[in-house]
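Accompanying notes for the structure given below.
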Amino acid sequence: MNKDQIRWIFFDLGETLIDESAPISESIRQFTEQAALLGYTFRPDQVQAALQEAYRKFAPFPMRSVMEAWVPSEEHRAQIKRGMTYRKNMERPFPSALTLLQSLSRQYRIGIIANQGPGTPARLETYGFSPYISVCCASAEAGMEKPDPRFFLMALEQAQCRPKQAVMIGDRIDNDIIPAKRLGMSAIWVRQGDARFQPIPAGAEAPDAICETIDEIPALFIP
């Protein structure tokens, strides 16, 4: 990564700036409870381990992958899903996320490229992120999602930025790092959440840097 060329820093949201561990744990609890009503006996720790394995295998939708593997009946899966609700209100910004955006925005333009449900701009406002974000591309509003390269190109076009002038920061190798690198962007992998178990690709698709948490990001950009 040539830091001198970088003008824009694009962030993912879930498990990058936003801690999704609480709603994911709640979804696992709901899954085991709804499955038990149909005679399936899964423990939450078993589901968690299966989710981590699904991430490791680059499953596009890990929870869906686990459900399809463990609940063969499509009718049962549909019934289980009807009894589940993702509790987005349980999401919280990571403690250092706001400070990170504040510090980076003094030297760089900040953007968002994220697979998110409707209402992302309003949530960013609630978190206090909005003053520091110049471009927000969220899948529900954009009508496309990562890892589709067109989604990244949309963000770059809105930023009027060439790929080599941008870096993507995210928690998923498959959704964030590989597509960004294929377009010529730099990429930083943040090993937070269950996607931390994903294998690191070799060669040109490897991340330019790896951080265990977002707390390590400022040192990569700010002297």
- Filter result for Arg56 (surrounded by 14 or more Cβ atoms within 10 Å (Cβ to Cβ), more than 18 Å from Lys88 (Cα to Cα) and in contact with a helix residue (DSSP H, G or I) (Cβ under 8 Å, 6 or more places away or on another chain)): yes
- Of the residues that make up segment 29-49, is at least one touching a Phe, Trp or Tyr at 6+ places or on another chain (Cβ under 6 Å), under 17 Å from Val190 (Cα atoms) and not acidic (Asp, Glu)? no
- Item | Residue satisfying all of: in segment 14-23; more than 15 Å from Pro62 (Cα to Cα) and surrounded by 14 or more Cβ atoms within 10 Å (Cβ to Cβ); nearest to the chain's Cα centre (by Cα) among these | Thr16
- Just a yes or no: is a residue in segment 129-148 basic (Lys, Arg) and either in a helix (DSSP H, G or I) or within 17 Å of Ile6 (Cα to Cα) (or both)? no
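Yes/no per residue for (1) at pLDDT below 95; (2) surrounded by 19 or more Cβ atoms within 10 Å (Cβ to Cβ); (3) out of contact with any helix residue (DSSP H, G or I) (no Cβ under 6 Å at 6 or more places or on another chain); (4) not acidic (Asp, Glu):
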site: Asp4; (1), (2), (3), (4): yes, no, yes, no
site: Asp12; (1), (2), (3), (4): no, yes, no, no
site: Ser25; (1), (2), (3), (4): no, no, yes, yes
site: Glu33; (1), (2), (3), (4): no, no, yes, no
site: Leu51; (1), (2), (3), (4): no, yes, no, yes
site: Pro62; (1), (2), (3), (4): no, yes, no, yes
site: Val66; (1), (2), (3), (4): no, yes, no, yes
site: Glu74; (1), (2), (3), (4): no, no, yes, no
site: Met90; (1), (2), (3), (4): no, no, no, yes
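For residues that are part of a helix (DSSP H, G or I) and of a type in the set (A, V, I, L, M, F, W, C), scanning just segment 167-197, find the one that is surrounded by the fewest Cβ atoms within 10 Å (Cβ to Cβ).
Phe197
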- Query: Which residues, counting only those in segment 198-207, are touching a residue at least 60 places away in the same chain (Cβ under 8 Å) and surrounded by 18 or more Cβ atoms within 10 Å (Cβ to Cβ)?
  - Reply: Gln198
- Message: Pairs needed: first member in segment 34-56, farther than 18 Å from Phe197 by Cα; second member anywhere, part of a helix (DSSP H, G or I) and of a type in the set (Gly, Ala, Ser); C-beta distance under 8 Å; at least 6 residues apart or different chains.
- Response: Thr41/Ala35; Phe42/Ala35; Phe42/Ala36; Pro44/Ser25
- Task: State which residue is nearest to the chain's Cα centre (by Cα) when the search covers only segment 106-141 and only residues that are buried (at least 16 other Cβ atoms within 10 Å of the Cβ) and small (Gly, Ala, Ser).
- Result: Ala114
- Note on the structure: Pairing a residue in segment 209-223 that is surrounded by 14 or more Cβ atoms within 10 Å (Cβ to Cβ) with any residue that is assigned to a loop (DSSP other than H, G, I, E, B) and at pLDDT below 95, where Cβ atoms lie under 9 Å and the two sit 6 or more apart in sequence or on different chains, gives Ala209/Met1; Leu220/Met1
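The values are calculated or read from the model by the stated rules, or taken from the named source; none is laboratory data. No experiment lies behind these values; they were computed from the predicted model shown. No Cβ is skipped: glycine too gets one built from the backbone with ideal geometry, and neighbour counts run over all protein chains shown.
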